[in-house]
1. Look through Gln96, Gln85 and report the one residue that is open to solvent by 60 Å² or more (accessible area, probe 1.4 Å) and either at pLDDT 95 or above or over 16 Å from the mean Cα position of the chain (by Cα) (or both).
2. Which of the residues spanning segment 8-26 are open to solvent by 70 Å² or more (accessible area, probe 1.4 Å) and over 14 Å from the mean Cα position of the chain (by Cα)?
3. How many of the residues making up segment 116-150 are loosely packed, with under 15 Cβ neighbours inside 10 Å and of a type in the set (Asp, Glu)?
4. Provide a single number: the residues in segment 117-150 that are among the charged types (D, E, K, R), modelled with pLDDT of 95 or more and farther than 18 Å from Glu21 by Cβ.
5. Return a yes/no flag: does segment 82-89 have any residue that is under 22 Å from Thr9 (Cα atoms), free of Cβ contacts under 8 Å to residues at least 40 places away in the same chain and touching a His at 6+ places or on another chain (Cβ under 7 Å).
6. Give me a count of the residues in segment 61-82 that are buried (at least 18 other Cβ atoms within 10 Å of the Cβ), more than 16 Å from Leu143 (Cβ to Cβ) and over 11 Å from the mean Cα position of the chain (by Cα).
7. Could you list, ordered by first residue, the pairs with Cβ atoms under 8 Å in which the first is in segment 107-129 and within 20 Å of Leu147 (Cβ to Cβ) and the second is of a type outside the set (Lys, Arg) and exposed (fewer than 15 other Cβ atoms within 10 Å of the Cβ), at least 6 apart or interchain?
8. Could you grab me the full set of residues in segment 104-115 that are open to solvent by 60 Å² or more (accessible area, probe 1.4 Å) and touching a Cys at 6+ places or on another chain (Cβ under 8 Å)?
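The values are calculated or read from the model by the stated rules, or taken from the named source; none is laboratory data. The structure presented is a predicted model; accordingly, all values stated were derived computationally and were not measured. Positions of Cβ are backbone-derived with ideal geometry, glycine not excepted, and every protein chain shown enters the neighbour counts. The protein model used for the area step is the full one, side chains on, heavy atoms only, and it has no ligands, DNA or RNA in it. Shrake-Rupley method; radii C 1.70, N 1.55, O 1.52, S 1.80 Å.
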Amino acid sequence: MIRLRNPRTDDAELVRLIRTELLPLSHTARPLDAQIVRELPKRFRSGMTYVASLSKNSPPIGFVRCEIMGEVLYVDMLVTHPDHQNRRWGKRLMAQGEAYGGAHHCKAVRLFVDSVNDKARQFYVKLGYSVVHYHQDLRCYELIKPLTSP
């Protein structure tokens, strides 16, 4: 199921997923980077985070965090636990995030993918995203997808 994040019960697992699945791929962060970990609660409070879980009360197996800036929905993070990948959880999480953006009249979704994460880039292209720029200094691709409001 896809549900809203519950800070009290979900955040420890979300931080663990970020540390083990996202930070090792980032050129600008290290897995044990204390500053990034300290900033996570603030990031979670300022945007919308949807969680994938096997039941209403089970721990997260993935999540998407997004934030609206003007008419653009920015997808900040998407993670699915390796044991649950290739089971459509990422696709469902992205659909929920895009629906949130559409309901708030966003015109597009924008996200960044680390250059070493070819699997993620291919995933987003299958969902209709296009690479619009490569940021050499960040070693990441910028992707965008037009959104239509419901």
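1. Values: Gln85 fails: either at pLDDT 95 or above or over 16 Å from the mean Cα position of the chain (by Cα) (or both).
Selected residue: Gln96, the only one of Gln96, Gln85 that is open to solvent by 60 Å² or more (accessible area, probe 1.4 Å) and either at pLDDT 95 or above or over 16 Å from the mean Cα position of the chain (by Cα) (or both).
2. Within segment 8-26, Arg8, Thr9, Ala12, Arg16, Pro24 meet the criteria.
3. Here the count works out to 2.
4. 3
5. Among the residues of segment 82-89, not one is under 22 Å from Thr9 (Cα atoms), free of Cβ contacts under 8 Å to residues at least 40 places away in the same chain and touching a His at 6+ places or on another chain (Cβ under 7 Å), which makes the answer no.
6. Qualifying residue count, segment 61-82: 2.
7. Cβ pairs passing all conditions: Lys107/Glu71; Lys107/Pro146; Ala108/Glu71; Ala108/Pro146; Phe112/His135; Phe112/Leu138; Arg121/Val131; Val125/Val131.
8. So the first thing to find is which residues in segment 104-115 are open to solvent by 60 Å² or more (accessible area, probe 1.4 Å), and the list is 104-105, 107, 112.
Selection gives Phe112 alone.
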